[in-house]
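Visitor: One structure is given below, represented as structure tokens, and several questions about it will come after.
The values are calculated or read from the model by the stated rules, or taken from the named source; none is laboratory data. Predicted model, so just to flag it, every value in this text is computed and none were measured. Using ideal geometry, Cβ is built from the backbone for each residue, glycine included, and neighbour counts are taken over all protein chains shown.
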């Protein structure tokens, strides 16, 4: 695969996009709160 190992520390986050009236949308990130199931490797 393209990514043989998970990198949740850098990539497990929400992407928040807002329009503040300017020409470009504002992009920010917020943490994901895991309450029930921890992420795990998918194997097929």
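Visitor: Can you name the number of the only condition in (1) in a strand (DSSP E or B); (2) surrounded by 10 or more Cβ atoms within 10 Å (Cβ to Cβ) that residue 15 fails?
Guide: Failing condition for residue 15: (2).
Visitor: Does residue 1 count as in a loop (DSSP other than H, G, I, E, B) and at pLDDT 90 or above?
Guide: No: the conditions fail for residue 1.
Visitor: So, in region 26-44, of the ones that are surrounded by 10 or more Cβ atoms within 10 Å (Cβ to Cβ) and in a loop (DSSP other than H, G, I, E, B), which residue ends up nearest to the chain's Cα centre (by Cα)?
Guide: 32
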